[in-house]
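To start, the structure itself, in structure tokens.
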Amino acid sequence: MSDSSDSYLNGLSSIESNLSVLYTALADRVTMPSAKVMLVGTAAVCQTNSVILKGFGKDVEEHSVKAKERDEELAEVIDAAYDVYKKIIEKEEISVAELQSLAGQLVVLEGILGEKYKFAHSKTSKLVIRESVKLLHGLDLDKLGLMFDKIICAVEVRRKVLGSLKALAEEKTRKETNSSISEGFIVFSPTLEQVATPHCGK
């Protein structure tokens, strides 16, 4: 038996659980109602993924992944998530501008996490083939592949949700800025014809 104190899947399960806490903390502090709904839903997806991964982690002993190797491979995601989490809990309320920045960082983080899942899929599939693993609950390569496909898809959906959230925050910031400017100045909004055929005058 491996000297691994934990499996790669359980490492990913812990990350998903921590991300659920992160998104919940962010949802509690944002002021945009639509952002709250999106973040609460994202937190729920993370928690579901965590439970699924923990279940599969119990069925697969990943002899090829030692604890040190697993920790090094996942450290990038763990550190990035913790850095974002610290920024969130330092605040009682997250402004729209701060949300825009945090959402951008989380889009990058989820992208990295997606790559880790592809790596885990490859590692675990090789183990199943090599060891002919067929343990609890009739675990086989098809079920394992389906689990990874669903979670990788869920991570991609989370990236899109966060991208939409970032865009919403950018739009709200832009409108607030324009509103502030227009209070003291006449704002010129050129027509399509004026843009296509600019006239500078003399």
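Nothing in this text is a laboratory measurement; each read-out follows from the coordinates by a stated rule. Note that the structure is a prediction, hence the values are computed from the model and not measured. Cβ sites come from the backbone with ideal geometry, for glycine too, and all protein chains shown count toward neighbours.
Given H placed 1.01 Å from N in the peptide plane, which residues other than close sequence neighbours of V30 have an amide H under 5 Å from its amide H?
Residues meeting the criterion, in which the H sits 1.01 Å from N, are I94.
Multiply the residue separation of K87 and E156 by 0.36 nm, subtract the distance between their alpha-carbon atoms, and state the gained length in nm to one decimal. Can you show the working numbers first?
Values: separation 69, 0.36 × 69 = 24.84 nm, distance 2.36 nm.
That pair, K87 and E156, stretches by 22.5 nm at full extension.
Let's test the formula: R0 of 35 Å, r as the Cβ-Cβ distance of S34 and E76. What FRET efficiency results, to the nearest 0.05? Please list the in-between numbers first.
Numbers: r = 30 Å, r/R0 = 0.87.
Result of the calculation: an efficiency of 0.70.
Here are some pairs, K36/K175; K150/K172; K54/K87; K36/K86; which of them have Cα atoms lying more than 23 Å apart in this structure? Before the final figure, lay out the partial values.
Details: K36/K175 20 Å; K150/K172 33 Å; K54/K87 28 Å; K36/K86 19 Å.
Long pairs (Cα-Cα over 23 Å): K150/K172; K54/K87.
Summing Lys, Arg as +1 and Asp, Glu as -1, what charge do residues with Cβ under 12 Å from the Cβ of L113 carry, L113 excluded?
Within the 12 Å Cβ shell, the charges total -2.
Taking 7 Å along the Cα-to-C-beta vector as the label spot, tell me the S101-K175 distance in nanometres, rounded to one decimal.
So the label points at S101 and K175 sit 2.3 nm apart.
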